[in-house]
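Data first, discussion second: the structure below is written as structure tokens.
The values are calculated or read from the model by the stated rules, or taken from the named source; none is laboratory data. Remember, predicted model here, so these are calculated numbers, not experimental data. Backbone-built Cβ (ideal geometry, glycine too); neighbour counts: all protein chains shown. Calculation scope for accessible area: heavy atoms of the full protein, side chains included, ligands and nucleic acids excluded. Shrake-Rupley method; radii C 1.70, N 1.55, O 1.52, S 1.80 Å.
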Amino acid sequence: MLDPIFEAEVARRPHVGLCVVGLPGVALPPSGPGVAAGYRSVGGTTEALLGALDAGEIQGLLLIAPGRSEGAFQLQLRAENRTPDGARLHPIAPCVARATAPMTELIRALAEHGEAVEVVSSVPADAAGVLFYDVLAGLSDQRDTPPVGLLRAPQDAAVERLQTAAAACAEAIGRRLGPLPRQA
């Protein structure tokens, strides 16, 4: 049994949701104790992700999807309002939505784990890009917008390498979040 004070502090850690899109067979283990922010896998629909953010189940979100790069991870700076066939996804929505995740910290976290990183502004539309746009466009207007990012894995990345990179990014996002309120 853990110390009750330690259990209370672990319960106050913010949680970052990790959502794998388009990488079949890739499972991301939940975080253990001793990290600044917890992280866990979350559902892959826009409604499920926005619901988890709105309900406070997660305080940030990192989408993980396949990239088109060999060897380097890609961090996507923005999402475009378009479908994979090039049509507008939402006719009256803005053309572009910017990622709200702390990019500098994500780059630093990946570099500390020896990973090469490319920061990309635009990539061909795919299911992950559509989901990324839908989540960013669907965030409620509030003063503290939750951090949401898209990490694209290299084509040659092994599952263990992807898990390590996702955990490093989740912790980097979590370090920017304050602890959850104490329970009465």
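Data overview
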quantity	calculated
Candidates 109, 93, 97, 116 - the one that is open to solvent by less than 70 Å² (accessible area, probe 1.4 Å), touching a residue at least 60 places away in the same chain (Cβ under 8 Å) and of a type in the set (A, V, I, L, M, F, W, C)	109
Total residues in segment 57-83, condition farther than 25 Å from residue 173 by Cβ and out of contact with any helix residue (DSSP H, G or I) (no Cβ under 7 Å at 6 or more places or on another chain)	2
Check on residue 125, crowded, with 16+ Cβ neighbours inside 10 Å, small (Gly, Ala, Ser) and touching a Phe, Trp or Tyr at 6+ places or on another chain (Cβ under 8 Å)	no
Residue in segment 120-128 that is closer than 24 Å to residue 41 by Cα, of a type outside the set (Gly, Ala, Ser) and in contact (Cβ under 8 Å) with a residue 40 or more places away in the chain present	yes
Test: residue in segment 66-80 that is within 18 Å of residue 17 (Cβ to Cβ) and either out of contact with any Ser or Thr (no Cβ under 9 Å at 6 or more places or on another chain) or surrounded by fewer than 18 Cβ atoms within 10 Å (Cβ to Cβ) (or both)	yes
